[in-house]
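All remarks here apply to the structure that follows.
No lab work stands behind these numbers, since they all come straight from the coordinates. Only a predicted model underlies this, so the values are computations on that prediction, with no experimental measurement involved. Positions of Cβ are backbone-derived with ideal geometry, glycine not excepted, and every protein chain shown enters the neighbour counts.
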Amino acid sequence: MPKKRILVVDDSRTATMMASMILGKGAYEILTAVDGEEGVRKAHDEKPDLIMLDVMMPKMDGYEACRRLRGEPETQAIPIIMMTTRGESEFMERGYASGCTDYVTKPINSVELLAKVKNCIGD
Amino acid sequence: MDEHRDEHGAYIRQVGERTRRYAREILEENERLRALIAALRTDEERAREEIEAARALSREVVVLREQLLESKSENERLTVELEAARDALTAHEREHERLRRQLDTVDADNRCFTEQFVALEQQNNNLANLYVASYRLHETLDHDEVVQTLQEILANLVGTEEMALFEMSGDGGTLSLSASNGIQPEIYRTIPVGVGRIGRVAATGEAYTAGDGSQGESAPGEEHLTACIPLKLAGRVTGVLAVFRLLPQKSGLEPLDRELFDLLASQAAMALYSTTLHSRARQD
């Protein structure tokens, strides 16, 4: 069975490396993008099973990227988990309003992240 | 003669009277007997009917007796089956109880394994954090990238909202602000070694963590200092990493954060020193 693919979009290489280490050891194949624009483009081209989207990024932030992904027929059904340093409710509400499926705050807890990913796309 | 005739006539009349009376009595007796015969016939008919009814009843009794015998036999069979069913039920109850206990054990094992999995996953996460931090710090020889990486490590792996990186001056007398995030840099531009908590960390080489009982006065701007880590190379302090406010969702420092600080104390100093050497080598 082919591995499910997760696109991690974050301008911080430390964050993408950490997410890759947590998710890549299991049944998932990790793709990365360094900003919102590249994330939207890669999502369109690669059609991953799940997208993990940082909020604060250059060129295009996570909210805008999420709205664009939801606006395109090819990517509108892909689950999106937003990840951010901001855990306050207004940021979470903004994330959900832009169309994200779930939300994790940094520093990322691996158990929580794996549970949310599994909830979205299974093992 | 007449007298004789009269006597004879009286006798004849008497005989005739008696004969008539006798005949009447015979007729009456005959009538009575006829009635008796009729009654007897009726009785006989009734008796016959009763006999027939009794015979029918008898046949019914025989049938009922047979049915009773069959019922008794069925009852005995059912009693045996009931007893067997009771035994089976008891056995099933015992099996059910055994399986329930086994399930409880499996549940307990499962909980135990889940806890172990979570603990291992946490440990794995911690190791991954340390690995990523170490790998990232030594991935580049560019000073700005190392500083950027330090900021990323603190923001993404520790969860800091405000931080500052100080580097020691050549004479070892002052700390200069090299990079910051979330704070007003003006009041931290230079800090004399030994002054305030940040300065004391540079002077002593001992890390400071809020709430760990460290004594001493705070300098202005150090009110929200959460941790201060000396960056040391070969036992010499080459800089200080100051962590101020943590992110709102981060309630406090955890054991992993302290391990990460220990790693940064040596690895960040080494990485920054390597960038300096590399820069010098390129200039030469």
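Secondary-structure-derived ellipticity at 222 nm for chain A, considering helices only, amounts to -13500 deg cm²/dmol, per-run term -39500 (n - 2.57) for DSSP H runs with n ≥ 4. Less than 5 angstrom separates the built amide H of A:Leu53 from those of A:Val9, A:Ile81, A:Met82, A:Met83, all sequence-distant by 5 or more or on a different chain. With a ≥ b ≥ c the root eigenvalues of the C-alpha gyration tensor of the stretch B:18-146, is it rounded (a/c under 1.5), prolate (a/b larger than b/c) or oblate? Verdict is prolate for the stretch B:18-146. Note that the stretch B:182-197 has calculated 3J(HN,Hα) couplings of x, 10, 7, x, 3, 7, 10, 3, 9, 10, x, 4, x, 9, x, 5 Hz, one per residue in order, obtained from phi through the Karplus relation 6.51 cos²θ - 1.76 cosθ + 1.60 (θ = phi - 60°); glycine and proline are x. Taking 27 Å as the straight-line reach from the Cα of A:Lys42, the lysines in range (excluding those fewer than 8 positions away in the same chain) are A:Lys3, A:Lys4, A:Lys25, A:Lys59, A:Lys106, A:Lys116, A:Lys118. Does the stretch A:15-72 classify as rounded, prolate or oblate by the C-alpha gyration tensor (a ≥ b ≥ c root eigenvalues; a/c under 1.5 gives rounded; else a/b over b/c gives prolate, otherwise oblate)? Cα axes put the stretch A:15-72 in the oblate bin. Between A:Gly87 and B:Gln249, the built amide H atoms are under 5 Å apart, and every one of these is 5 or more places off in sequence or on another chain.
Ordering A:Val8, A:Val111 from the fewest to the most neighbouring beta carbons within 10 Å gives A:Val111, A:Val8.
Compared with the direct C-alpha span, the chain from B:Arg245 to B:Thr90 gains 49.2 nm at full extension, assuming 0.36 nm per residue. In terms of other Cβ atoms within 10 Å, B:Thr140, B:Thr204, A:Thr14 run from fewest to most in the order B:Thr204, B:Thr140, A:Thr14. Backbone amide hydrogens, once placed in the peptide plane, bring A:Arg5 within less than 5 Å of A:Glu29, A:Asp49, A:Leu50, excluding anything fewer than 5 places away on its chain. In chain B, the longest principal axis of the Cα atoms and the axis of helix B:143-152 are about 30 degrees apart. Taking 0.36 nm per residue of separation and subtracting the Cα-Cα distance, full extension of the segment from A:Ala27 to A:Arg5 would add 7.0 nm. Summing charges over neighbours of B:Thr190, with a neighbour being any other residue whose Cβ is under 14 Å away from its Cβ, gives -2 when K and R count +1 and D and E count -1. Across the stretch A:101-107, rounded Karplus estimates of 3J(HN,Hα) from the backbone phi angles (6.51 cos²θ - 1.76 cosθ + 1.60, θ = phi - 60°) give 8, 8, 8, 10, 9, 8, x Hz, Gly and Pro being marked x. Its convex hull of Cα atoms gives chain B a direction-averaged projected area, equal to a quarter of the hull surface, of 40.5 nm².
DSSP assigns beta bridges within the protein assembly as shown; of those with both partners inside it, close to 55 percent run antiparallel. Summing +1 for each Lys or Arg and -1 for each Asp or Glu, what net charge is found among the other residues whose Cβ lies under 15 Å from the Cβ of B:Arg94? With Lys, Arg at +1 and Asp, Glu at -1, the net is 0. Under 19 Å from a label point set 7 Å out along the Cα-to-Cβ vector of B:Ser218, the amide N atoms of the stretch B:175-203 belong to B:181-192, B:194-202.
Distance from the C-alpha centroid of the stretch B:128-176 to that of the stretch A:36-84: 29 Å, rounded to the whole angstrom. Please compute the length gained on full extension between B:Phe117 and B:Ser266, using 0.36 nm multiplied by the number of residues separating them and subtracting their Cα-Cα distance. That pair, B:Phe117 and B:Ser266, stretches by 50.5 nm at full extension. Helical runs (DSSP H, four residues minimum) scored at -39500 (n - 2.57) apiece and divided by the length of chain B put the mean residue ellipticity at 222 nm at -24000 deg cm²/dmol. Panel order for B:Tyr22, A:Tyr63, by other beta carbons found within 10 Å of each beta carbon, from fewest to most: B:Tyr22, A:Tyr63.
Could you give the Stokes-Einstein D for chain A in µm² per second, using the C-alpha Kirkwood radius, 37 °C, 0.692 mPa s? The calculation lands on 236 µm²/s.
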